[in-house]
Amino acid sequence: MALLFLSDAARGEVFRAAFAKALPQVAFHVQHAPDPAAVRWIVTWTCPDLSLYPNLEVIFSVGAGVDQFDLSAIPPQVQIVRMLDPSIAQQMCGYVTMAVLAMHRDLPGYLAQQAQGLWQDRPATPAAQRRVGVMGLGQLGLAALQALRPFGFALSGYNRSARQIEGVACFTDLPAFLAQTDIAVCLLPLTQDTRGLLNRELFAALPAGARLVHAGRGAQLVSKDLIAALDSGHLAGAVLDVTNPEPLPPDAPLWRHPKVIVTPHIATRTDDHAAAAHVVAGVGASLAGQIPPGAIDRSKGY
Ligand code: NAP
């Protein structure tokens, strides 16, 4: 029985060492498996030609999402597992906190003033009057809300299934959520329902002067609609870690928009050792006939 690793070679060596220690009975191959029929597990970002691997049981994504896979091209008996690295939530908490505070304290406005050598107060809103709403109350959304607690914002959350979180107003109705959100933080997975969700209609449903923090997936954002909403003055700012497309081309207007801060999809980086431990645990579960941690629900697509 073998595992085929199809990602970064240096990361592959970390995985190889983890498997040699924990599961030496699993043959570990990087990039090429001499006997494809022996391959039961694949670790990858993109999906290879699966017809080569008739005995495949699990595909492990090296990313926190699985939206890069065409799920319909993966045989139904193959489990799909996303990366669950505890450091991802911690890193995302740092990013969301940074971005929400940058929006709350109007960092783009002060950066523009700095460029002009202008020493001047800008309008400020007390945290208790700033309504921060997180879209997607999964692993990352819940962690982000916890991280935002100490700042005293009025917190809310939007999620497909109902949630109850102490001190957080939880919504399953998107328009109702948007109507009471001054800073919207998108941490939704990319699915058919969320592709293009951050569009003109959604921005119009936010109160005037609202801001966006987007750290979900780039394809959820309609860039021209965001720029129109910012230019009309309806939205006051945005922090984007993910864009559509990625990489954002050098001449894309978002790079130079005075109300926008762009980071190149760096909110989180997978820690190789934690990732290896996650996959070792997943293969161990698979060997024991159990569902690996992080296995997605194919009917939901995440
Ligand atoms: P997760 O644990 O699977 O949680 C996703 C949450 O979103 C679930 O609570 C789900 O609701 C909710 N949801 C899904 N579709 C929805 C919809 N149409 N409307 C409302 N709620 C919906 O995922 P996660 O670990 O928190 O990660 C979320 C996403 O963050 C990932 O999929 C990835 O795209 C993105 N991400 C970005 C970075 C970065 O570097 N920028 C890093 C890691 C992850 P239910 O509970 O009802 O299913």
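The values are calculated or read from the model by the stated rules, or taken from the named source; none is laboratory data. Since the model is a prediction, treat every value here as computed from it, not as a measurement. Cβ placement follows ideal geometry from the backbone for every residue including glycine, while neighbour counts extend to all protein chains displayed. These area figures cover heavy atoms from the full protein model, side chains too; ligands, DNA and RNA do not enter into them. Shrake-Rupley method; radii C 1.70, N 1.55, O 1.52, S 1.80 Å.
Annotations for the structure displayed:
- Residue of Leu148, Leu101, Leu52 that the Gaussian network model of the chain assigns the largest fluctuation, springs spanning Cα pairs under 10 Å: Leu52
- Averaged per residue, the chain has 47 square angstrom of accessible surface, using a 1.4 angstrom probe with ligands and nucleic acids left out.
- Rg to Rh, two decimals, where the stretch 118-230 supplies the alpha carbon set and Rh follows Kirkwood: 0.97
- Atom-type composition of the exposed protein surface of the chain places 56 percent of the accessible area on carbon and sulfur (1.4 angstrom probe).
- 5 angstrom amide H check on Thr181, placed H, neighbours 5+ away: none
- Placing one equal scatterer on every Cα of the chain and applying the Debye formula, the log10 ratio I(q)/I(0) at q = 0.09 Å⁻¹ is -0.51.
- Total formal charge among the other residues, if their Cβ is under 14 angstrom from that of Gln113, Lys/Arg +1 and Asp/Glu -1: +1
- Each of the peptides 111-119, 200-208, 137-145 was scored by the mean count of other Cβ atoms within 10 Å over its residues; in descending order, highest first, they stand as 137-145, 200-208, 111-119.
- Two-site FRET efficiency, Thr125 against Glu13, from Cβ-Cβ distance with R₀ of 45 Å, rounded to 0.05: 0.35
- Projecting label points 7 angstrom from Cα along Cα→Cβ for Met1 and Gln116 puts them 6.6 nm apart.
- With semi-axes defined as the square roots of five times the eigenvalues of the C-alpha gyration tensor, the equivalent ellipsoid of the stretch 198-263 measures 18, 12, 10 Å, largest first.
- Residues whose placed amide H lies under 5 Å from that of Ala64, excluding near-sequence neighbours: Met83
- Nearby lysines by direct alpha-carbon distance to Lys224 (threshold 29 angstrom, same-chain neighbours under 8 apart not counted): Lys259, Lys300
- Charge tally in the Cβ shell below 15 Å around Lys21, where Lys, Arg are +1 and Asp, Glu are -1, Lys21 excluded: -1
- Taken over the Cα atoms of the stretch 35-183, the convex hull encloses 171 Å³ per residue.
- The accessible-area ordering, largest first, of the residues Lys300, Lys21, Lys259 stands as Lys21, Lys300, Lys259, per a 1.4 angstrom probe.
- Scattering profile of the stretch 154-302 at q = 0.09, 0.16, 0.18, 0.19 Å⁻¹ [log10 I(q)/I(0), Debye over alpha-carbon scatterers]: -0.37, -0.96, -1.11, -1.18
- Helix screen, the chain: DSSP H segments with Cα axial length of 15 Å or more and mean Kyte-Doolittle hydropathy at least -0.5 are 9-22, 86-104, 272-287.
- Convex hull volume of the C-alpha atoms in the stretch 33-95, normalised per residue: 93 Å³.
- Rounded to the nearest 20 debye, the dipole magnitude of the chain is 500 debye, with +1 charges on Lys and Arg beta carbons, -1 on Asp and Glu beta carbons, and the Cα centre as origin.
- Of Ser156, Ser51, Ser223, the one that fluctuates the most in a GNM where the chain has Cα springs shorter than 10 Å: Ser51
- For the chain, a Gaussian network of Cα nodes joined below 10 Å ranks Ile266, Ile227, Ile59 by mean-square fluctuation, and the top entry is Ile266.
- By DSSP, the beta bridges lying fully in the chain are antiparallel in about 5 percent of cases.
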